[in-house]
1. What is the sum of charges around Arg322, taking Lys and Arg as +1, Asp and Glu as -1, for the other residues whose C-beta is under 14 Å from the C-beta of Arg322?
2. Calculate log10 I(q)/I(0) of the stretch 128-171 for q = 0.14, 0.17, 0.25, 0.30 Å⁻¹, where I(q) comes from the Debye formula with a single equal point scatterer on each Cα and nothing for solvent.
3. How would you rank Cys306, Cys113, Cys57, going from fewest to most other Cβ atoms within 10 Å of each one's own Cβ?
4. So what's the net charge close to Lys276: Lys and Arg +1, Asp and Glu -1, counting the other residues with Cβ under 13 Å from its Cβ?
5. What is the sum of charges around Ser369, taking Lys and Arg as +1, Asp and Glu as -1, for the other residues whose C-beta is under 13 Å from the C-beta of Ser369?
6. Zone of Leu348 (label point 7 Å along Cα→Cβ, backbone N under 19 Å): which residues in the stretch 307-333?
7. Going by how many other Cβ atoms sit within 10 Å of their own, how do Trp94, Trp12, Trp301 line up, fewest first?
8. Could you put Val117, Val22 in order, starting from the residue whose Cβ has the fewest other Cβ atoms within 10 Å?
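Here, each number is a calculation from the coordinates, and none is a lab measurement. Just so it is clear, the model here is predicted, and its values are computed rather than measured. No Cβ is skipped: glycine too gets one built from the backbone with ideal geometry, and neighbour counts run over all protein chains shown.
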Amino acid sequence: MFDLSALRQLDWLLVVAVVLIVAVGIVVISSAAERNEAKKQLIFAGGGVLALLFLSCFDYQWFRRASPWLYLAVLGALVLVLLIGTGPRYAKRWFRLPMGFMLQPSEFMKVACIFLVAYVLDRYRDNRANVLYTLVPLGLFLLPMALIVKQPDLGTAVAMLPAVFALLLAARARARNVLLVVLAGLLALPVLWFKMQPYQKKRVLEFLTVPQRRVAVGLMPRGEREKVRMRLAAELDPSGERSLDELLETMRGGWNSEQSKIAVGSGGLYGRGYGKGPQVQLDFLFAPETDFIFPTLGEEWGFFGCLVVLALYFLLLERGLRIASQAVDTFGRLVAVGIVVLLASHILINVSMAIGLLPITGLPLPLLSYGGSSLLMTMGSVGILQSIHTRRHYFKSGKYSLGVQGG
């Protein structure tokens, strides 16, 4: 089950990509946050490296057998955090630990879901034509997602959705059943809307309506433009006390979104330098070490700094997909696919949010953002990818069969 010799077979390109991203993250955090947080992130990184190496030597087949119990344990933690958890304002997302540390169970639920769904899809792969082959895995994801939305943490819940559909496609579930589920999900969006918090609705409305109104008004002929401006002003402020320009300015998509785009753009090609970004250092940018660490990177390191980090992410995802394609069994392949798509969705959503392509949502950038739970979960997930990779070499040499490792 545990073999230190697996370290000789590691995918070192994957290790280098992970270590470099974490190192960049610690430097950026040290500039954007208090020194204590940079020290904590360094401790988290040390624990993450140990988790990566340990799980690289650990037989990933163990998670096949333990997946139901892991799922239930973390699901119980999600229920418990709603009762005794802590967080900003009315949010309840973390358990408070000694020495000022916090634990976020939703981060570990992501991987627990992938293990259980991969196990179910592998075990019942002969029933691909059955609609339950699609609905059961989806239900296993939706249950914890509902608890995560309750915290509330809509960003984390949304980021989990691509993983379940990627697992269904990788397991070759019937395409018609998957499409029916997607259609049902689209029809259910109004229900989600009524369950969202007021601040979440505001973010979506500002993102969807204000930019289009600005463009529409700006492209019209002058005579028609004034009529539309008057109608819009009456719609937004029936009292008529404020002009349209003032109304649009107050609905410009949110302070955080504006400051994030300013930070990214002001960095130029090479950035303003370590600790010299005014948006970050003068506290214009909210959460510059967590949700908005990419704008912090852009302001201080510029376009080339962002390009290097994105290239490292691309290398990480490419190596993960390569491991998935070369896995020796269906369970390993599905787990690898789920992990890679989960990481990709986090990266895509966070970066798109930072540059104004998506509404603002609280979602960390994997390996880069400050946070122990996220960092440990991500580096542990990379360790599982390494375990799938190293067992492939054992399998080829005849030292390993599914679930049994030889001497």
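1. Charge balance near Arg322 sits at +1.
2. So the normalised log intensities are -0.34, -0.48, -0.84, -1.02.
3. Result, fewest neighbours first: Cys57, Cys306, Cys113.
4. -1
5. -3
6. 310-325
7. Neighbour counts put them in this order, fewest first: Trp12, Trp94, Trp301.
8. Result, fewest neighbours first: Val22, Val117.
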